[in-house]
Amino acid sequence: MAYEIKKINPTQCTFTYLLGELDCYELRKGTCSLYLSEEEAQKIEEEEQGCHFSESSVMNCRDLAKSLLAVNYYGDSSFQDNLYSIRMSHRDCGHYVFTDGQHRTCIAKHLNIQSMYVNVENYPRDYVSYCRACYQKEEERKEDEKFKNRLLSMLKLRRKKSKRIPEDDFIDEEYMDFKKTSTFIKN
């Protein structure tokens, strides 16, 4: 895949992360470790001793952030020429999807870093591409709509759509209400 180094403002971008409770302290505990004081983080680190949280440990992103800031990772585009580059693609839904670098980008966004360099895929597509999060939300919305329609049908609360009769003389049968029986004609 072809990538192009671009300067982005992570605070103005929307990203799709592939993270869970084992990858992210915020998802495991409810608040990002970067928002904790040094004392709070040290206390939690002591409590977590012996637990193997790996990337979701309280110090993981804190330590990574310190090391990235110490070498000016976000301000030096040369880091995007090596193994530790941030690689992503921009989807038609507006989200960026990561190949690598989601923690580093998340840290930049949490630290309110206004510009950083990343590698963005730059090959032409002849199809629409949405991120997995948007695709999943749309699938959930469709399922919710189906469930709502089934429920309304079962409760017979579905309203008939009001049909506005067109101004010209031509209509089709959807404007009529044909019944199987009529009191007008007696059998």
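The values are calculated or read from the model by the stated rules, or taken from the named source; none is laboratory data. Everything numeric here is computed off the predicted structure, so don't read it as measured data. Cβ: placed from backbone, ideal geometry, glycine included. Neighbour counts: every protein chain shown.
Is it true that some residue in segment 100-122 is under 22 Å from L22 (Cα atoms) and free of Cβ contacts under 8 Å to residues at least 40 places away in the same chain? Yes.
Check whether at least one residue in segment 92-112 is at pLDDT 95 or above, in contact with an Asp or Glu (Cβ under 8 Å, 6 or more places away or on another chain) and within 20 Å of Q12 (Cα to Cα), and report yes or no. There is at least one residue in segment 92-112 that is at pLDDT 95 or above, in contact with an Asp or Glu (Cβ under 8 Å, 6 or more places away or on another chain) and within 20 Å of Q12 (Cα to Cα). Applying the set (1) under 22 Å from S57 (Cα atoms); (2) modelled with pLDDT under 95; (3) of a type in the set (D, E); (4) surrounded by fewer than 17 Cβ atoms within 10 Å (Cβ to Cβ) to E4 leaves exactly one unmet item: (1).
Evaluated against (1) β-branched (V, I, T); (2) in a loop (DSSP other than H, G, I, E, B); (3) touching a helix residue (DSSP H, G or I) at 6+ places or on another chain (Cβ under 7 Å), V118 falls short on exactly one condition, (2). Quick check on segment 138-164: of everything there that is assigned to a loop (DSSP other than H, G, I, E, B) and loosely packed, with under 10 Cβ neighbours inside 10 Å, which residue is modelled with the highest pLDDT? It comes out as K156.
From the list L27, L64, L19, the one residue that fits, being surrounded by 13 or more Cβ atoms within 10 Å (Cβ to Cβ), over 22 Å from the mean Cα position of the chain (by Cα) and touching a residue at least 24 places away in the same chain (Cβ under 8 Å), is L64. Does Y135 meet the test of being assigned to a loop (DSSP other than H, G, I, E, B) and of a type in the set (F, W, Y)? In short, no.
The numbered conditions (1) closer than 17 Å to I5 by Cβ; (2) of a type outside the set (G, A, S); (3) crowded, with 17+ Cβ neighbours inside 10 Å are all true for Q102 except (1).
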